[in-house]
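The values are calculated or read from the model by the stated rules, or taken from the named source; none is laboratory data. These numbers come from a predicted model, not from an experiment. Every residue, glycine as well, gets a Cβ built from its backbone with ideal geometry; the counts of neighbours run over all protein chains shown.
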Amino acid sequence: MLIYAARRLAGAIPRVLLISVILFLLVNLPPGGPADIYAADPSASPQAVERIRELWGLNDPLHVQYLRWFGNMLQGDWGMSYRERRPALDVVMGRLGNTLWLTGGALIVGLAFGFALGLAGAWTRSHLGRALAQATAVVGMSVPTFWSGTLVLLFFSVHLRWIPAGGMGSIGEPFSLTDLLWHLLAPALVLGSVYVSQWSRYIQAGLTGAMQNDYVRTARAKGRTRGELLMRHALPNVAIPLVTVLGLEMPRLVAGAMVTEVVFSWPGIGRLLTDALLGRDYPVVMGTLLVLAVLVIVANLVTDLLYGLLDPRVRYG
Amino acid sequence: MTIRWRIFFGNPLAVAGLVVLVLLALAALFAPWLTPHSPTATRPLDMLQPPSPAHPLGTDDLGRDALSRLLHAGRTSLTLAIGVAAVAVGIGALLGGVAGYLGGRADGTISALVDTMLSIPALALAMVASAFLELTTLRLVLILGLVSWPTVARLVRAQVLSLKERDFVEAARATGAGHVRLLLRHLLPNAVTPVIVAGTLLVAYAVLIESALSFLGFGLPPPTATWGGMLNEAQLYYLEAPWLAVFPGLVITLAVAAINFMGDGLREATSGRTGEA
């Protein structure tokens, strides 16, 4: 298992490197780079702009700039946020936890309801029930979260005043876990609902397939009830492929979280990226993108490890 | 593999999806003739009107007719999405085909690029590119196509890998066909059906990602109307004009669901299986 883990970890490193190159080029190649912001200021003299370019090393060849930037990132020097006047590393890391709360909440919602609906779908034998479940699943994954989130806000917060209108805590009150969870409820439900439909469909298909296996037939011959067959014999075999699906969905979950954060004023890295892009806060933009990518890679790594843990055949492959 | 249209048209959901999509496309196509108002003409006196016979979906903060904007936005959003899918399928088929056909180092490089692209949220990449470039419709199509191709590449690579050992490829090679001819004339055409399915589902994905981008404020600049852009503008008027936030999202959902149902129907009609994936 340890060798397997080490191999997966080693495989992730070139990906991080390649991502850093892509991100660097994406941010630094288009015109309107950091120095141009100063150049756009009519009071900035050409000499001053040139001095800034020199000072920031923007006249060096691109690969030199990249190596310097990446070296600094590795050492924890992410530059100063232009807007907040404090280290970009602190700015980004200060928001990361909030995004993890949201994605974690959405994962729990998606899995809990996904399993419930998937089990119900596999339990029912009616064709209509299954067709209905499938149709709901497709509609469910077609609803954009920024719209469903908006409707939830409009109805439950603006109209009924049941839930808070956004943010992570009530203003003027000390932090408490219940208050945080209360604020997390609506965004997590909205973001998780996208996956409920998708995963329930997957779980249902997996269960239906697993029920046709010989070991299930054996268990049935031994007099197990249908419920026992589903829960004890079919369900564990759905877990392994489901883990793979979860891993593949991570980038979209993170992207969904970014949008949901904007709708619900949740101060995570998605909102940070939006604000930093609009404010041309380059150090924060670069930091946020790298953290987003590493988040997905770590999630994929965890998936791989879980996979190896759940299915011993994988480890020795 | 061919598309068995009898199976497709025997699937009520797929047919419903097709009908809804055709209606939406027609409404978008004939928008200038269907709507009595201009989508961009501002009438300050009529701002934030609730739905009425004159303005069935109300008016926005500049007094523009919401229904006119919605239909015209359909033109932009649907055309964009089809363009994005075409670009993504083009790049993906080419790179995936080359990777699967050549194998070895070329495959290693392309596959590494695919894996890497898939580990950054496409929306984040598109946001950065849109924020730093002066956005035009063509550029937006290219940006979104450039972040969406990896899934197609992965699919085509797998297809070509399984096809290239088949006898007809061997026969073509024996008659002296070169690499380019083998790939373009013999391998890729046989991977077309799964790519059509993937391309259809990509259109739905493109509608969603373009709307998300516009909603976040990184879409086409005003006064161009897009569905996501209309939702973005509606944000400021939740209290005075909540109806502005309802209809654009409804149309997005309708369009995306219709395309997804169609894509699922196509998948069923090509794979022969009637169950889920």
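As a summary of the residue check, B:A54 satisfies the conditions (1) surrounded by 16 or more Cβ atoms within 10 Å (Cβ to Cβ); (2) within 23 Å of B:E240 (Cβ to Cβ) except for the one numbered (1). Residues satisfying the criterion are present in region B:226-237 (criterion: among the aromatic types (F, W, Y), out of contact with any strand residue (DSSP E or B) (no Cβ under 6 Å at 6 or more places or on another chain) and crowded, with 24+ Cβ neighbours inside 10 Å).
Return yes or no: is A:T260 among the β-branched types (V, I, T) and surrounded by fewer than 23 Cβ atoms within 10 Å (Cβ to Cβ)? Answer is no for this residue. From the list B:L70, B:L94, B:L24, B:L113, the lone residue that is within 14 Å of chain A (Cβ to nearest Cβ), over 22 Å from B:F215 (Cα atoms) and outside any loop (DSSP other than H, G, I, E, B) is B:L113.
For the structure I just gave you, tell me whether A:F155 is surrounded by fewer than 15 Cβ atoms within 10 Å (Cβ to Cβ) and more than 14 Å from chain B (Cβ to nearest Cβ). The answer is no for A:F155.
In region A:292-308, the residues that are more than 14 Å from A:R252 (Cβ to Cβ) form Cβ pairs under 6 Å with partners that are of a type in the set (F, W, Y) and surrounded by fewer than 18 Cβ atoms within 10 Å (Cβ to Cβ), at six or more places apart or across chains, as follows: A:G308/A:Y4. Residues satisfying the criterion are present in region B:266-273 (criterion: more than 14 Å from chain A (Cβ to nearest Cβ), surrounded by fewer than 23 Cβ atoms within 10 Å (Cβ to Cβ) and part of a helix (DSSP H, G or I)). Looking only at residues of region A:203-219 that are touching a helix residue (DSSP H, G or I) at 6+ places or on another chain (Cβ under 6 Å) and part of a helix (DSSP H, G or I), we find that the one that is farthest from the other protein chains (Cβ to nearest Cβ) is A:A219. Can you find a residue that is β-branched (V, I, T), assigned to a helix (DSSP H, G or I), within 18 Å of the chain's Cα centre (by Cα) and within 8 Å of chain B (Cβ to nearest Cβ) anywhere in region A:238-261? Yes: one or more hits.
Considering region A:94-142, the residues that are in a helix (DSSP H, G or I), free of Cβ contacts under 8 Å to residues at least 60 places away in the same chain and among the β-branched types (V, I, T) include one that is surrounded by the most Cβ atoms within 10 Å (Cβ to Cβ), namely A:V138. Taking region B:116-142 as the range and being touching a residue at least 12 places away in the same chain (Cβ under 8 Å), closer than 21 Å to B:G229 by Cα and either surrounded by 23 or more Cβ atoms within 10 Å (Cβ to Cβ) or within 9 Å of another protein chain (Cβ to nearest Cβ) (or both) as the test, the residues that pass are B:A122, B:L123, B:L125, B:A126, B:M127, B:A129, B:S130, B:A131, B:L140. Filtering region A:143-171 to residues that are β-branched (V, I, T) and in a helix (DSSP H, G or I) leaves A:T145, A:T150, A:V152, A:V158. Number of residues in region B:218-233 that are closer than 19 Å to B:L24 by Cα and in a helix (DSSP H, G or I): the value is 5. Looking across A:R201, A:R161, one residue alone is over 28 Å from A:P251 (Cα atoms) and not hydroxyl-bearing (S, T, Y). It is A:R161.
Does A:V196 fit the bill of being within 17 Å of A:A257 (Cα to Cα), modelled with pLDDT of 85 or more and not hydroxyl-bearing (S, T, Y)? Criteria not met by A:V196. So, in region A:278-290, how many residues would count as being β-branched (V, I, T) and out of contact with any Ser or Thr (no Cβ under 9 Å at 6 or more places or on another chain)? Total satisfying the criteria: 2.
Condition first: under 24 Å from A:M93 (Cα atoms) and aliphatic (A, V, I, L, M). Now tell me which residues in region A:216-267 satisfy that. Residues satisfying the conditions are A:M250, A:L253, A:V254, A:A255, A:A257, A:M258, A:V259, A:V262, A:V263. All of B:G228, B:G219, B:G249 fail the test of being in contact (Cβ under 8 Å) with a residue 40 or more places away in the chain and either of a type in the set (S, T, Y) or within 11 Å of chain A (Cβ to nearest Cβ) (or both), apart from B:G228. Among the residues of region B:116-166, those that are assigned to a helix (DSSP H, G or I) and among the small types (G, A, S) comprise B:A122, B:A124, B:A126, B:A129, B:S130, B:A131, B:G145, B:S148, B:A153, B:A158, B:S162. Can you confirm whether A:G270 is touching a residue at least 24 places away in the same chain (Cβ under 8 Å) and within 10 Å of chain B (Cβ to nearest Cβ)? Against the criterion (touching a residue at least 24 places away in the same chain (Cβ under 8 Å) and within 10 Å of chain B (Cβ to nearest Cβ)), A:G270 qualifies. Pick from region A:172-186 the residues that are in a loop (DSSP other than H, G, I, E, B) and not hydrophobic (A, V, I, L, M, F, W, C): which of them is surrounded by the most Cβ atoms within 10 Å (Cβ to Cβ)? My answer is A:S176. Comparison of B:L213, B:L250, B:L244, B:L236 shows that the only residue that is out of contact with any helix residue (DSSP H, G or I) (no Cβ under 9 Å at 6 or more places or on another chain), assigned to a helix (DSSP H, G or I) and under 29 Å from B:T136 (Cα atoms) is B:L236.
Could you list all residues from region A:41-66 that are surrounded by 13 or more Cβ atoms within 10 Å (Cβ to Cβ), within 37 Å of the chain's Cα centre (by Cα) and part of a helix (DSSP H, G or I)? Result: A:I52, A:R53, A:Q65, A:Y66. Residues in region B:178-215 that are away from chain A (no Cβ under 14 Å), touching a residue at least 12 places away in the same chain (Cβ under 8 Å) and not hydrophobic (A, V, I, L, M, F, W, C): B:H179, B:R185, B:H186, B:N190, B:T193, B:P194, B:G199.
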